[in-house]
Amino acid sequence: MATDTANQADWKTTSCILCSINCGLKVQVDDGHLVKIRGDKQNPRSKGYTCEKPAQLDHYQNHADRLTSPLRRRADGSYEAIDWDTAITEVAARLAEIRDGHGGDKIMYYGGGGQGNHLGGAYSGATRRTLGMRYASNALAQEKTGEFWVERQMFGARPEPDFEHAEVSVFVGKNPWHSHGFERARVILRDIAKDPQRSMIVIDPRRTETADLADFFLQVRPGADAFVLSAMLAVLVEDDLIDRNFLAEHATDGHALFAALAEVDIADYCTRAGVDEELIRAAARRIGRAGSVAVVEDLGIEMAPHSTLNSYLEKLLYALTGNFGRAGTMNLGTHLGQLIGTSKDNRVTPVGGHRIITGLVPCNAIPDEILTDHPDRFRGMIIESGNPVHSLADSPRMREALNALDFLVVIDVAMTETTRFADYVLPGASQYEKAEATFFGGGFPDNVFQLRQRVFEPLEGTLPEPEIHSRLCRALGAYTDEDLADLRAAAAAGREAFGLAFGQTLAARPDLAGIMPVVLYESLGRSLDEGLESAALLWGACQQLAASNAASIRRAGFAGEGLALGDALFDALLTRREGVVITSDPYEVSFERIATDDKRIQLVIPELVEELIELANESAPAATDAFPFVLAAGERRGTTANTIYRDPSWRKKDRDGALRISPGDADSLGIETGDRVRVTTKRGSVETVVEVSDTLRDGHVTLPNGMGLEYPDERGERLVHGTPPNELTSSEDRDWIAGTPWHKHVRARVEAVA
Ligand SMILES: Nc1nc2c(c(=O)[nH]1)N[C@H]1C(S)=C(S)[C@@H](COP(=O)(O)OP(=O)(O)OC[C@H]3O[C@@H](n4cnc5c(=O)[nH]c(N)nc54)[C@H](O)[C@@H]3O)O[C@H]1N2
Ligand SMILES: Nc1nc2c(c(=O)[nH]1)N[C@H]1C(S)=C(S)[C@@H](COP(=O)(O)OP(=O)(O)OC[C@H]3O[C@@H](n4cnc5c(=O)[nH]c(N)nc54)[C@H](O)[C@@H]3O)O[C@H]1N2
Ligand code: SF4
Ligand SMILES: [Mo]
């Protein structure tokens, strides 16, 4: 290449950790700081794209509340720094005490990864297995579990939208302009908006930045999506825009569903949803007649009334019109490592009997499973890379629950709202100080995976989570050096020898098979370059993918048979730091990947068809005198990034996260932008600044997500910046199937303050 190599050399390859897309980055570092950050054109997924947020990443890497030593809580609630050996020994002993006294299933695991890190969570599997822990949860169980439940039944897998090629793109309760959710979102949104042959349909109560680009903007009354979606489906039926041939070939009998849709009073449902009937009809027809349609839902319906029903209706928009298994539609891709459980896990929670979906306890049920004298209650918790006190519904109740535990250990990079409740805090190295990866999945037809390598050495006093789990397992007696001697020798001898020895060990030693991540870390991992030990788990994932999807890997350009194919993939991950196309597929393969029992798309989910029928008897949720507003508690903005940035100075505007309110409502309350108001719900009351915005419907107000974090000011005084949304939410307001919270639908009162 004709580039200046000296200049190239000091750019390190990594990625953004602020949302699930993990856009590739090139960074320059100086004295522990990220000083220059730009998009990485070499990254096969993001191709140089970034949004505005990663420019501030040094606020994640360096800030006043980073943890630099294990901490132990004293009787008076303050913390003392302790060394790692003491911390590991004591934490292991306290966890073992609960296991021995009450059973390992009384220890719950929460978290395991955020937007940029999942390796820690993957290694935690060994610790959990060692302790006999059975229950886990993470943030997915407060957003996506309802959708997972529907997808598992309809497809047995998770379809991905192909917006890059779709003639019609549909966004339901999703604002990709700010939240992304697919790669290069703003480029693709602008392309769609510019192209007269293509259309965009947005269903959202707020005229978002995405809605501004839409051809059809259905400004639904908050919480009334079930009426819009069922009206659209009814139009498809009425106008005979159902793809009968597709359904005959690929789907099961939909009789009960079609009977329910035939009963929908379209005009009435449109009125209830507050959307013009002709607009709904036109949008439905646009979908019904398009060559290709891709659809995505997100928090706007997942965190609102009828959320699981809405996920089902949203999927029927594309399933009934045959928009599956082709370019521009919905497809089933590959996964290197599984983020979500695939098993048909039919368990319920031990105390409340709540449905466990894809292995996750519903987040809203967690306090119920602790705050009780039921013998099966959770008594201990390991929280890793999650801030549930801040991010789950009903923060006061979450705090009460964590206080009630016999033992809590939190693994985080920062002192947070949650670490404050821990008996022990274990400091992780940051995501730029260790190898990391996410298992969100990289797309279709090409699936991209990036193993990020560290940009800095771990901050003094911190350890990467895989090392923490390995040490915990050792302290708990799960393995000894002797157990691993043969595997280590094999790893030193080469990959082929290791592959054979690994297979033999797993077969001969079920105890070691149970803690496979740590076994890989301590054997193969120790033979990799320093800082790359935790990549060892990916070797196992590559072998699994090679065994299940060899043809897809070969199409991505890899050669070899059996273990050699997995090795080739693993080597590419180690060396091609910008990310690797790991599989490449023709669209038709989606049909082979339908994983329902009869390999057909399941059209009828009986509980949800029932709920659909019941809609007829329900009016859209109405305002009450005490709480005339609907508050969406937690809106994505250019100034939010979950709680990954703690230092509020990363935000150049909207520092305290204003409450948005419509001009009409502002007039009635006699307030203007910059004024302060009090927002009160049945759960709590906060004061906040206001921004009058004509993007909102009357009666609807919004607060940003991720705000209300405590952080010291210049004089060291600890202040809370902005409004923590979950001081206002209640854990009982949740979906009846998945238990997902109604964060977007909180009844509220707004009052001007002098
Ligand atoms: N900038 C930024 N990007 C992020 C994040 C971040 O913190 N900041 N977080 C990431 C994460 S963890 C996630 S899960 C995604 C979430 O991404 P999104 O789901 O897109 O984010 P939200 O803004 O929370 O909600 C989406 C939309 O739902 C709308 N909405 C509210 N009530 C209703 C309703 O009743 N019906 C309908 N149809 N819509 C409604 C809101 O107006 C909003 O436009 O974003 C990711 N990306
Ligand atoms: N009311 C309301 N509540 C919401 C939402 C909403 O819209 N409204 N959105 C919800 C959604 S969709 C989500 S995904 C959640 C997100 O909320 P959480 O799951 O709590 O996740 P994050 O804020 O992304 O970060 C969690 C923690 O990870 C830590 N961390 C960062 N890097 C590392 C690392 O390398 N190792 C370790 N061990 N820790 C690290 C951070 O310091 C932080 O404490 O919030 C949810 N909460
Ligand atoms: S879209 Fe923005 S926040 Fe998300 S990974 Fe890319 S640069 Fe980071
Ligand atoms: Mo999320």
Handout entry: Lone unmet requirement of (1) more than 16 Å from ligand 3 (Cβ to nearest atom); (2) within 25 Å of the chain's Cα centre (by Cα) for GLU614
Key = (2)
Problem - Subset of the stretch 707-728 (residues that are crowded, with 21+ Cβ neighbours inside 10 Å and touching a helix residue (DSSP H, G or I) at 6+ places or on another chain (Cβ under 8 Å)) - result: MET707, GLY708, LEU709, GLY722, PRO724, ASN726
Exercise for the section: Would you kindly identify the strands (runs of 3 or more DSSP E) lying entirely within the stretch 378-454 that contain at least 2 residues that are basic (Lys, Arg), in contact with an Asp or Glu (Cβ under 8 Å, 6 or more places away or on another chain) and more than 25 Å from SER20 (Cβ to Cβ)? Expected result: none
Exercise for the section: May I ask you to list pairs of residues, at least six apart or on different chains, whose Cβ atoms are under 7 Å apart, with the first in the stretch 93-118 being aliphatic (A, V, I, L, M) and the second being open to solvent by 50 Å² or more (accessible area, probe 1.4 Å)? Expected result: ILE98/ASP406; ILE107/ARG99
Exercise for the section: Kindly provide the set of residues from the stretch 51-74 that are open to solvent by 40 Å² or more (accessible area, probe 1.4 Å) and either closer than 23 Å to ALA478 by Cβ or in contact with a strand residue (DSSP E or B) (Cβ under 8 Å, 6 or more places away or on another chain) (or both), ordered by number. Expected result: ALA55, ASN62, ALA64, THR68, ARG72, ARG73, ARG74
Handout entry: Residue that is more than 31 Å from the chain's Cα centre (by Cα), under 17 Å from LEU603 (Cα atoms) and surrounded by fewer than 23 Cβ atoms within 10 Å (Cβ to Cβ), where the choices are ALA262, ALA267
Key = ALA262
Practice task
Could you tell me whether ARG94 is more than 16 Å from ligand 1 (Cβ to nearest atom), among the basic types (Lys, Arg) and within 23 Å of the chain's Cα centre (by Cα)?
Solution key: no
Handout entry: Filter pass, ALA622 being under 22 Å from TYR269 (Cα atoms) and either open to solvent by 40 Å² or more (accessible area, probe 1.4 Å) or part of a strand (DSSP E or B) (or both)
Key = yes
Fill in the blank from the handout: The condition of being over 30 Å from the mean Cα position of the chain (by Cα), on the phi > 0 side of the Ramachandran plot and either open to solvent by less than 40 Å² (accessible area, probe 1.4 Å) or away from ligand 2 (no atom under 16 Å from the Cβ) (or both) holds, among GLY32, GLY48, GLY77, only for GLY77
Exercise for the section: Can you confirm whether the stretch 240-254 contains a residue that is surrounded by fewer than 18 Cβ atoms within 10 Å (Cβ to Cβ), among the β-branched types (Val, Ile, Thr) and in contact with an Asp or Glu (Cβ under 8 Å, 6 or more places away or on another chain)? Expected result: yes
Practice task
For residues that are farther than 21 Å from ASP376 by Cβ and either in the same structural domain as ALA327 (by TED's automatic domain parsing) or hydrophobic (A, V, I, L, M, F, W, C) (or both), tally how many sit in the stretch 123-141.
Solution key: 3
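Can you tell me which residues in the stretch 413-432 are within 16 Å of ligand 3 (Cβ to nearest atom) and either open to solvent by 10 Å² or more (accessible area, probe 1.4 Å) or under 16 Å from TYR109 (Cβ atoms) (or both)?
Selection gives GLN431 alone.
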Handout entry: Residues being open to solvent by 50 Å² or more (accessible area, probe 1.4 Å) and under 30 Å from THR681 (Cα atoms) - total across the stretch 574-615
Key = 1
Exercise for the section: Please work out if GLY300 is assigned to a loop (DSSP other than H, G, I, E, B) and either outside the structural domain of ALA633 (by TED's automatic domain parsing) or on the phi < 0 side of the Ramachandran plot (or both). Expected result: no
Exercise for the section: Only one of these is outside any helix (DSSP H, G or I), open to solvent by less than 10 Å² (accessible area, probe 1.4 Å) and either farther than 20 Å from LEU189 by Cα or not assigned by TED's automatic domain parsing to the domain that holds VAL746 (or both): ALA294, ALA283. Name it. Expected result: ALA294
Practice task
Search the stretch 7-19 for residues being within 20 Å of LEU573 (Cβ to Cβ) and open to solvent by less than 30 Å² (accessible area, probe 1.4 Å), and hand back the single one that is nearest to ligand 4 (Cβ to nearest atom).
Solution key: ILE17
Practice task
Would you mind stating whether SER668 is surrounded by fewer than 16 Cβ atoms within 10 Å (Cβ to Cβ), touching a residue at least 60 places away in the same chain (Cβ under 8 Å), polar (S, T, N, Q) and farther than 24 Å from GLU302 by Cβ?
Solution key: no
Practice task
Restrict the check to the stretch 364-372 and report whether at least one residue is open to solvent by 10 Å² or more (accessible area, probe 1.4 Å), hydrophobic (A, V, I, L, M, F, W, C) and touching a Lys or Arg at 6+ places or on another chain (Cβ under 8 Å).
Solution key: yes
Practice task
Tell me which of these ALA393 doesn't satisfy, since it passes every other one: (1) free of Cβ contacts under 8 Å to residues at least 60 places away in the same chain; (2) surrounded by 24 or more Cβ atoms within 10 Å (Cβ to Cβ).
Solution key: (1)
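The values are calculated or read from the model by the stated rules, or taken from the named source; none is laboratory data. Everything quoted here is computed from the prediction, not taken from an experiment. Counting neighbours? That spans all protein chains shown, and the Cβs are built from the backbone with ideal geometry, glycine included. The accessibility values were calculated without ligands, DNA or RNA, using every heavy atom of the protein model including side chains. Shrake-Rupley method; radii C 1.70, N 1.55, O 1.52, S 1.80 Å.
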